[in-house]
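Read the figures in this text as sums done on the coordinates, not as results from a lab. Just so it is clear, the structure is predicted and the values come from calculations on it, not from any experiment. So basically every Cβ, Gly included, is an ideal-geometry build from the backbone, and we count neighbours across all protein chains shown.
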């Protein structure tokens, strides 16, 4: 994973969260749309430490949250491998790239995938309260939320994608 690229995405966000699990040493840096593994960092205790590591001088421009990793996904499946399609469509002013999980087309903002390596493994996970994309092998490098346009918008995107 290209950590500097992930940090640049997070620093531009108004809300920055650091989710931690002390028992495993896992730390995920998130802006609400993507979460990147920063477990290689020292364990961060305060908002000031987080701001210093990110190089943020004016803490008033951001909302910081440090807490335990939330249980955001109760999976309904074991995860379906997803192939990334290296095309980007700009539709209605938004960029979309696509993952194909056994025929299910998932639109994702390419900016949130950009920190991950070209050969990264993607896994689509259907949860009780939404969908997530896990990125990485056995040990995950991060997680990305799919874009969730309304049904008409989603149908138009899928039609464009299938027409390529």
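How about the range 103-146: which of its residues are under 19 Å from residue 89 (Cβ atoms) and in a loop (DSSP other than H, G, I, E, B)?
103, 109, 114, 145, 146, listed by residue number.
Select from the range 23-53 the residues that are assigned to a strand (DSSP E or B) and closer than 14 Å to residue 63 by Cα and write down the one among them that is farthest from the chain's Cα centre (by Cα).
Selected residue: 29.
Identify the single condition in (1) exposed (fewer than 13 other Cβ atoms within 10 Å of the Cβ); (2) touching a residue at least 60 places away in the same chain (Cβ under 8 Å); (3) more than 19 Å from residue 140 (Cα to Cα) that residue 117 does not satisfy, given that it satisfies every other one.
(3)
I need the full set of residues from the range 29-51 which are farther than 22 Å from residue 113 by Cβ and either loosely packed, with under 13 Cβ neighbours inside 10 Å or touching a strand residue (DSSP E or B) at 6+ places or on another chain (Cβ under 8 Å) (or both), in order please. Spell out how you get there, then give the answer.
Initial filter on the range 29-51 (farther than 22 Å from residue 113 by Cβ): 42-51.
Result: 42, 43, 44, 45, 46, 47, 48, 50, 51.
With the checklist (1) in contact (Cβ under 8 Å) with a residue 60 or more places away in the chain; (2) over 14 Å from residue 142 (Cα atoms) in hand, flag the one item residue 111 doesn't pass.
(2)
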